[in-house]
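A.B. asks: Okay, handing you the structure first.
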Amino acid sequence: MSSSPLPVRPHRDGASRSAGQRVPSPLAAADLRPLSLSSHANRPTLRASHCHRRAPPASASTPPVPRPPPLFSSQGRRLCSRRRLARSRPATRRRIPSRGGPGLLGRMGSTSAFVIRWINFFTMILALLVVGFGFWMSTHNDECRRSLTIPVIALGGVIFLISLIGFLGAWKNISCLLWTYLIMLFVVLVAIMVFTVLAFIITNTGTGHVVPGARYKEYRLQDYSSWFVKQLNNTEKWTHLRSCLVKSDDCNNLSKRYKTLKQYKLAELTPMESGCCRPPAECGYPALNASYFDLSYHPVSTNIDCKLYKNARSVRCYDCDSCKAGVAQYMKTEWRVVAIFNVILFVILSFVYFVGCCARRNAGGSDAKGSGR
């Protein structure tokens, strides 16, 4: 059987092609073309979308378009892999280091807790001493001193309770106890501030009057604040205070301290000795000694204290307004000292409160870290 020759298909450009001649593909022809300088300049840039874009499938009618060489280079593959890895990692916040170093806040918190712990330890010892002093006063024979037993014990108990809460909170680093300690300390600070302001307001009035020919002064009740006058005119309170003044026996000791009238007139008597142990100078009673006056003379002044004074040890001038004024002056002096002490105490407790806030903040951060773990 004779074989017929294969038909020769005409080429695209009109040249004939033999049967054994290989037809190059357009992709191969594109790969074999030399690259010019213009092709490097017009080379497409690498985009993020090329890393996930796939080439469309080649159809029978259209020849496949060659991909840009940079997409399949080693540099392109590394860049795509880096971007995929960056997308797969979770976003984390960058920690900015503090100015004082990474462990500054921790050191401040530990130092503040140490300071609060030892301060409250010493105040607990002080509170126990105050309570012991209160119990010792309860065994005293003097009724006036025994009346101060309950306030002293209550003060020691409050100080001990506050100090114990602060000590345990700083020692065990418990935020709840430190919060309680700071609240109680804040209440104490407010109470000290209010008492100090009232003390300065109440003690702002009242002064002594010079006695002719003597170095001591006399005092008048109407010169003092209305609060002092109201408290001293209270019959129940004054009866208790009067009994304490009688038991103090200060008036009877004047004749032992000052032997002559000259020494007595040159003496600097306390406000209570001047008001409670002698009649007012305006009465005109001559003094026989430091604790005895001649009452046979008719009083020159109409002051009611001139009639209330007696030479008896249990009477004297304890019911006089001059004696109440002397007590008011004594309380004014003492309250001024207490007010100045409260100002110093307020500054110290404010510093302790600031340190306690630092300790509480450190304890709160520790609790948050423990719960996070």
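A.B. asks: Output the residue which, of all residues in the range 300-311 that are modelled with pLDDT of 90 or more and open to solvent by 10 Å² or more (accessible area, probe 1.4 Å), is farthest from Leu245 (Cα to Cα). Steps first, please.
C.D. replies: Here is the first cut: in the range 300-311, the residues modelled with pLDDT of 90 or more are 303-311.
Restricting the remaining residues to those that are open to solvent by 10 Å² or more (accessible area, probe 1.4 Å) gives 303-304, 307-308, 310-311.
Numbers: Asn303: 22, Ile304: 21, Lys307: 20, Leu308: 16, Lys310: 15, Asn311: 15 Å.
So the residue we want is Asn303.
A.B. asks: Now, a different point. Across the range 248-265, what is the number of residues that are within 52 Å of the chain's Cα centre (by Cα) and either open to solvent by 60 Å² or more (accessible area, probe 1.4 Å) or farther than 12 Å from Tyr292 by Cα (or both)?
C.D. replies: From the range 248-265, those within 52 Å of the chain's Cα centre (by Cα) are 248-254, 257; that's our starting set.
Pick out the ones that are also either open to solvent by 60 Å² or more (accessible area, probe 1.4 Å) or farther than 12 Å from Tyr292 by Cα (or both) and you get 248-250, 257.
The number of residues fulfilling the criteria is 4.
A.B. asks: Among the residues of the range 201-210, what is the count of those that are assigned to a loop (DSSP other than H, G, I, E, B) and open to solvent by 70 Å² or more (accessible area, probe 1.4 Å)? Please lay out each step first, then the result.
C.D. replies: Step one: list which residues in the range 201-210 are assigned to a loop (DSSP other than H, G, I, E, B), which gives 203-208.
From what is left, the residues that are open to solvent by 70 Å² or more (accessible area, probe 1.4 Å) are 204, 207.
Looking only at that region, the number is 2.
A.B. asks: In the range 235-244, what count of residues is obtained for those that are of a type in the set (Lys, Arg) and either surrounded by 13 or more Cβ atoms within 10 Å (Cβ to Cβ) or not in a helix (DSSP H, G or I) (or both)?
C.D. replies: First pass over the range 235-244, keeping only residues of a type in the set (Lys, Arg): 237, 242.
Now narrow it down to the ones that are either surrounded by 13 or more Cβ atoms within 10 Å (Cβ to Cβ) or not in a helix (DSSP H, G or I) (or both): 242.
So the answer is 1.
A.B. asks: Now for a separate question. With Leu164, Leu168, Leu126 as the choices, which residue is surrounded by fewer than 18 Cβ atoms within 10 Å (Cβ to Cβ) and either over 20 Å from the mean Cα position of the chain (by Cα) or aromatic (Phe, Trp, Tyr) (or both)?
C.D. replies: Numbers: Leu164 fails: either over 20 Å from the mean Cα position of the chain (by Cα) or aromatic (Phe, Trp, Tyr) (or both); Leu168 fails: either over 20 Å from the mean Cα position of the chain (by Cα) or aromatic (Phe, Trp, Tyr) (or both).
Exactly one residue qualifies, and that residue is Leu126.
Let's see how each residue does on (1) loosely packed, with under 14 Cβ neighbours inside 10 Å; (2) over 23 Å from Val337 (Cα atoms); (3) at pLDDT 90 or above:
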residue	(1), (2), (3)
Val187	yes, no, yes
Ala191	yes, no, yes
Pro212	yes, yes, no
Val246	no, yes, no
Glu273	no, no, yes
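A.B. asks: Take Phe186 and tell me if it is more than 12 Å from Arg117 (Cα to Cα) and assigned to a helix (DSSP H, G or I). Please lay out each step first, then the result.
C.D. replies: Working: more than 12 Å from Arg117 (Cα to Cα): yes; assigned to a helix (DSSP H, G or I): yes.
Spelling it out, Phe186 is indeed more than 12 Å from Arg117 (Cα to Cα) and assigned to a helix (DSSP H, G or I).
A.B. asks: Search the range 333-348 for residues that are over 14 Å from Asn204 (Cα atoms) and pair each with any residue that is in a helix (DSSP H, G or I) and hydrophobic (A, V, I, L, M, F, W, C) when their beta-carbon atoms are under 6 Å apart and the residues are at least 6 apart or on different chains.
C.D. replies: As it stands, the answer is Asn342/Ile192; Phe346/Ile192, since those pairs meet every condition given.
A.B. asks: Of the residues that make up the range 231-245, is at least one among the hydroxyl-bearing types (Ser, Thr, Tyr), in contact with a strand residue (DSSP E or B) (Cβ under 7 Å, 6 or more places away or on another chain) and not assigned by the TED database to the domain that holds Ala339? Can you show your working first?
C.D. replies: We begin by selecting, within the range 231-245, every residue among the hydroxyl-bearing types (Ser, Thr, Tyr); these are 235, 239, 243.
Checking the rest, the ones that are also in contact with a strand residue (DSSP E or B) (Cβ under 7 Å, 6 or more places away or on another chain) come to none.
Checked the range 231-245: no residue is among the hydroxyl-bearing types (Ser, Thr, Tyr), in contact with a strand residue (DSSP E or B) (Cβ under 7 Å, 6 or more places away or on another chain) and not assigned by the TED database to the domain that holds Ala339.
A.B. asks: Return only the number of the condition from (1) part of a helix (DSSP H, G or I); (2) open to solvent by less than 30 Å² (accessible area, probe 1.4 Å) that Arg360 does not satisfy.
C.D. replies: The failed condition is (2).
A.B. asks: I've got another one for you. Tell me, please, whether a residue that is over 20 Å from Lys307 (Cα atoms), touching a Ser or Thr at 6+ places or on another chain (Cβ under 9 Å) and in a loop (DSSP other than H, G, I, E, B) can be found in the range 189-200.
C.D. replies: Our first condition is that a residue be over 20 Å from Lys307 (Cα atoms); within the range 189-200, this holds for 189-200.
From what is left, the residues that are touching a Ser or Thr at 6+ places or on another chain (Cβ under 9 Å) are 189.
Next, only the ones that are in a loop (DSSP other than H, G, I, E, B) stay: none.
Looking through the range 189-200, none of the residues is over 20 Å from Lys307 (Cα atoms), touching a Ser or Thr at 6+ places or on another chain (Cβ under 9 Å) and in a loop (DSSP other than H, G, I, E, B).
A.B. asks: Assuming Tyr224 fulfils every condition listed in (1) under 43 Å from the mean Cα position of the chain (by Cα); (2) among the aromatic types (Phe, Trp, Tyr); (3) open to solvent by 30 Å² or more (accessible area, probe 1.4 Å) apart from one, which condition is it?
C.D. replies: Unmet for Tyr224, out of (1) under 43 Å from the mean Cα position of the chain (by Cα); (2) among the aromatic types (Phe, Trp, Tyr); (3) open to solvent by 30 Å² or more (accessible area, probe 1.4 Å): (3).
A.B. asks: Failed condition for Tyr297, given (1) more than 57 Å from the chain's Cα centre (by Cα); (2) crowded, with 18+ Cβ neighbours inside 10 Å; (3) aromatic (Phe, Trp, Tyr); (4) modelled with pLDDT under 90, with all others met?
C.D. replies: (2)
A.B. asks: Can you list the helices (runs of 4 or more DSSP H) found entirely within the range 258-326 that contain at least 1 residues being assigned by the TED database to the domain that holds Ser248, out of contact with any Gly (no Cβ under 9 Å at 6 or more places or on another chain) and farther than 20 Å from Arg215 by Cβ?
C.D. replies: Details: elements: 261-265, 271-276, 305-308.
The qualifying helices (runs of 4 or more DSSP H) are 305-308.
The values are calculated or read from the model by the stated rules, or taken from the named source; none is laboratory data. All values derive from a computational prediction rather than experimental measurement. Every residue, glycine as well, gets a Cβ built from its backbone with ideal geometry; the counts of neighbours run over all protein chains shown. When the accessible area is computed, the model is the full protein with side chains, heavy atoms only, and any ligands, DNA or RNA have been set aside. Shrake-Rupley method; radii C 1.70, N 1.55, O 1.52, S 1.80 Å.
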